[in-house]
Amino acid sequence: MEGINFTENRSLVALLAAILPLFSFVFILSSKKGGGASVALSTITLSFLLSMYLFLQIWNLEPEHKQISWFIIGNVQFYAGVLLNNLSVLMMVLVTGISVLVHIYSREYMKNDPNIHRYWAYLGLFCFSMLGLVISDSLLLIYLFWELVGFSSYLLIGFWFSKHTASQAAKKAFIMNRIGDLGFLTGIMIIYTKFQTLDLHSLFGEGGLISTSTFESNFWISGSQQMPAIWLSIAGFAFFLGAMAKSAQFPLHTWLPDAMEGPTSVSSLIHAATMVAAGVFLIARIYPVFDPLVLDVMVWIGAFTAFMAATIALTQNDIKRILAYSTISQLGFMVMALGIGAYSESIFHLTTHAFFKCLLFLAAGSVIHQLHHYCVRNSHDFDYQDIRLMGGLRKRMPIAFWGMCIASAALVGLPLTSGFLSKDSILISAFEWAAAREGIFIVLPWLMVLTSWLTAFYIFRLIFKVFFSESREIKTDKMMQISDSPGQMTYVLLILSFFCTFIVFSVNPATFEASWLWKGFQVTSIKEISIFHWLAPLILNLGAFALILITYSIYVPGREPKLMQDTWLYRISNREWFFNEIYNFVLIRSIEKLSLLTYGFDRIIIDGIVNRMAALTQTISVISDWFDRKIIDGLVNSTGSLSRYIGRFFRNFQSGRLQHYLTTMLLVVLSFFILSYLI
Amino acid sequence: MIPLSHFMLISAGLFCIGLFAVLTRRNAIQVLIGIEFMINAAVLNFVAFGKYDKISGGGQMFALFAIVLAAAGVAVALAIILNVYKYFKSIDPSKTNTLKD
């Protein structure tokens, strides 16, 4: 990195863009309470401008890769650096762009919160880690930022930590993500063992180590290194596990709906548009590592997640929960698309999804915000996130309504929206993939079509319940008090609505092949079958329109329909397929039992052994003490006292008196004579 | 003719009296007298045994020597007693115990 030439050193620019939010985090936390909005907003805006600059510099041009030596372990040199290619600059613009909008939105939405400065600081930390994640060039660095992203998400979910559910949700999200992190770490270790490097470019780049490694009779060979072929699959599964936890794929999806306990703006930025896409991003970034087996698993997990989340979203009543399940469902689409090899389609959907899901959340947040204010003003207490209690807001909040409509249309994939392009591209790829594979695989595209139809149902159920008919809680005369949210929030909705239209991504609203974004990642792996290119969107849209009409007829007349409420299907959906209960029963209970067992083992066996040892030692000590005192000391002392007694006895003879001496002599002589006489 | 055993018994009696005096008297002069008793018991034995040496009279000769020696010894002992008296202001032998230690 010699010479600070601004146009040359694009990696420095990227670094600066990532560091700015960190600066905001540190600055706001160290400054006084209550402020921070302007610092956070200005740094993220600057970051966005830098990202835009990089995007223009690098998109479809030469990728940038700069690294410096980081540290050395043994003989292995580790590098840290910046890798900028189409994928990372796109993600940078996406993350910073949506962050800017959410920052603007939050200024109004989070106004009057007593801990607002923490909010801004955490947002800064999140943006820093997310940007770091997308520009890092080494698996180790990505892992670091991966953890940081999880941590800042934890902080923001638990932002209102005084609320019990919020702190529980934060912990749940963190722990679920730890499971994925374990997978990620395992994958890193396998890759490191195999290649002795964690550098993305040399591993996954053109002609990199992964693509040049070969298979020979069940051995995975690269250079002189070889290990059983199964390790490649294991590494793939391990990385996929990490992505599954972050992108809320079955069976690790249950944290995302609970994460809605955080502020709505956070849900919008982190748990809909950017962070959850990190899993998809990771899969895309290390795509060559996945072998066909892992890809197949990815397909089915993604498809199942998409379907399951859509069925759950059908019957939820919390506005944010519906959107959360819709997010999981769309993430399932992306993962499935990656699994079938539709790389560019998946990234395309990731991008469009980020905008329309962000808009959905912010519009929902706008509704929640206004209803909350209504509650506070009229001291009228009801659950202002429950769509059963809402209604009739169409006239009162037109901008939120239209924003939501456009975003929903994009989510469903109706024509003229961005979702039409990206979602249909995924479906078409799925049909083509199934046609190439034949057999049971034909189920997959139809499952995805069904999921899309369900999407149409649940999202328009939400819209009709919230914006049409009458509210159950708010009297008609009081409805006049409710209006669209204040300026800044509404402008953000308008901007995002614009980004949900086809015009941003393609000049031609009918085919995704015309999209610049899709072309940017194009890989031709699946044989094109042209019939699907008009059939799939047609099937999808006809079904979706029909379902929207049905939904309209069910929900708009205003009576609460008792639609299959007593059937087991409804119950499964409403209780979210009982995943929380199953996890609680199978995992948490068994872990508790195991803990009790190990606790008992600890207490009885380990503590028992320790205590017995202690008692034994004590007894031995007492014995040795006694032995010391009585025997050893006794011997010494008795020797001493014996000589003392002997000395005392003989002293008596040394009286110094002549006559005593003489008496003694007489006695000695006499006893000598007596003895000699006797013997 | 007086048998030898009578001499011996007298001599033993004299010796014992002398010994008793030496061991028990509280006066150095009396102790000295006891010593004289014991010497004379020996001298009596010399004279009695002189019966077996009638020609050269060795027993008598030794008796004379012993008497002379005893006299010399008494002279020395009396001198010591005088000095003891000067030093201790007493001639009780039980008081002169500086011999110990």
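The values are calculated or read from the model by the stated rules, or taken from the named source; none is laboratory data. Computed from a prediction, not measured in an experiment: that's the story for all the values here. Here the Cβ positions follow ideal geometry from the backbone for every residue, glycine too, while neighbour counts run over all protein chains shown.
General remarks:
- Test: residue in the stretch B:68-86 that is crowded, with 17+ Cβ neighbours inside 10 Å, part of a helix (DSSP H, G or I) and away from chain A (no Cβ under 14 Å): yes
- Unmet criterion (only one of (1) modelled with pLDDT under 75; (2) in contact with a helix residue (DSSP H, G or I) (Cβ under 6 Å, 6 or more places away or on another chain)) for A:Leu517: (1)
For (1) more than 14 Å from chain A (Cβ to nearest Cβ); (2) surrounded by 13 or more Cβ atoms within 10 Å (Cβ to Cβ), each residue gets a yes or a no:
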{"residue": "B:Tyr52", "(1), (2)": "yes, no"}
{"residue": "B:Gly59", "(1), (2)": "yes, yes"}
{"residue": "B:Ile91", "(1), (2)": "no, yes"}
{"residue": "B:Thr96", "(1), (2)": "no, yes"}
{"residue": "B:Lys100", "(1), (2)": "no, no"}
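To keep it simple, each residue is scored yes or no on (1) modelled with pLDDT of 85 or more; (2) within 29 Å of A:Leu83 (Cα to Cα); (3) polar (S, T, N, Q).
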| residue | (1), (2), (3) |
| --- | --- |
| A:Phe204 | no, yes, no |
| A:Ser233 | yes, yes, yes |
| A:Gly242 | yes, yes, no |
| A:Ala248 | yes, yes, no |
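- Residues of the stretch B:62-101 classified as under 18 Å from the mean Cα position of the chain (by Cα) and either at positive phi or of a type in the set (A, V, I, L, M, F, W, C) (or both), total: 19
- Lone unmet requirement of (1) touching a residue at least 24 places away in the same chain (Cβ under 8 Å); (2) on the phi < 0 side of the Ramachandran plot for A:His372: (1)
- Residue match in the stretch A:351-369 (condition: closer than 22 Å to A:Trp433 by Cβ and under 19 Å from the mean Cα position of the chain (by Cα)): yes
- If you go through the stretch A:21-44 and keep only what is in a helix (DSSP H, G or I) and more than 25 Å from the chain's Cα centre (by Cα), you end up with A:Phe27, A:Ser30, A:Ala37, A:Ser38, A:Val39, A:Ser42.
- Verdict on A:Asp625 being out of contact with any strand residue (DSSP E or B) (no Cβ under 6 Å at 6 or more places or on another chain), loosely packed, with under 11 Cβ neighbours inside 10 Å and farther than 30 Å from B:Phe20 by Cα: yes
- Per the listing A:Ile591, A:Ile679, the residue uniquely surrounded by 10 or more Cβ atoms within 10 Å (Cβ to Cβ), more than 14 Å from every other protein chain (Cβ to nearest Cβ), farther than 30 Å from B:Phe88 by Cβ and out of contact with any Gly (no Cβ under 9 Å at 6 or more places or on another chain) is A:Ile591.
Results for (1) modelled with pLDDT under 90; (2) not hydrophobic (A, V, I, L, M, F, W, C), shown as yes or no for each residue.
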position	(1), (2)
A:Glu216	yes, yes
A:Ile221	yes, no
A:Leu252	yes, no
A:Asp258	yes, yes
A:Pro263	yes, yes
A:Ala284	yes, no
A:Asp291	yes, yes
A:Ile301	no, no
A:Phe307	no, no
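- Within the stretch A:100-148, being acidic (Asp, Glu) and more than 20 Å from A:Met489 (Cβ to Cβ) holds for A:Asp137, A:Glu147.
Okay, residues lined up against (1) among the aromatic types (Phe, Trp, Tyr); (2) within 30 Å of A:Gln316 (Cα to Cα):
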position: A:Asn584; (1), (2): no, yes
position: A:Leu594; (1), (2): no, no
position: A:Leu597; (1), (2): no, no
position: A:Phe601; (1), (2): yes, no
position: A:Ile604; (1), (2): no, no
position: A:Val610; (1), (2): no, no
position: A:Leu635; (1), (2): no, no
position: A:Ser643; (1), (2): no, no
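- Residue within the stretch A:321-334 that is surrounded by fewer than 24 Cβ atoms within 10 Å (Cβ to Cβ), touching a residue at least 60 places away in the same chain (Cβ under 8 Å) and over 21 Å from the mean Cα position of the chain (by Cα) present: no
- Residue in the stretch A:642-656 that is surrounded by 10 or more Cβ atoms within 10 Å (Cβ to Cβ) and within 22 Å of B:Gly34 (Cα to Cα) present: yes
- When A:Gly600, A:Gly647, A:Gly608 are checked against the criterion of being within 14 Å of chain B (Cβ to nearest Cβ) and either among the small types (Gly, Ala, Ser) or in contact with an Asp or Glu (Cβ under 7 Å, 6 or more places away or on another chain) (or both), A:Gly647 stands alone in meeting it.
- Residue in the stretch A:60-70 that is within 30 Å of A:Ile283 (Cβ to Cβ), in a helix (DSSP H, G or I) and out of contact with any Phe, Trp or Tyr (no Cβ under 7 Å at 6 or more places or on another chain) present: no
- Subset of the stretch B:13-32 that is more than 19 Å from B:Ala66 (Cβ to Cβ) and surrounded by fewer than 18 Cβ atoms within 10 Å (Cβ to Cβ) - its residue that is nearest to the other protein chains (Cβ to nearest Cβ): B:Leu23
- Just one residue in the set B:Ile10, B:Ile35 is β-branched (Val, Ile, Thr) and within 14 Å of chain A (Cβ to nearest Cβ); that residue is B:Ile35.
- The single condition among (1) more than 14 Å from every other protein chain (Cβ to nearest Cβ); (2) closer than 30 Å to B:Ala21 by Cβ; (3) among the aliphatic types (A, V, I, L, M) that A:Ile631 does not satisfy is (2).
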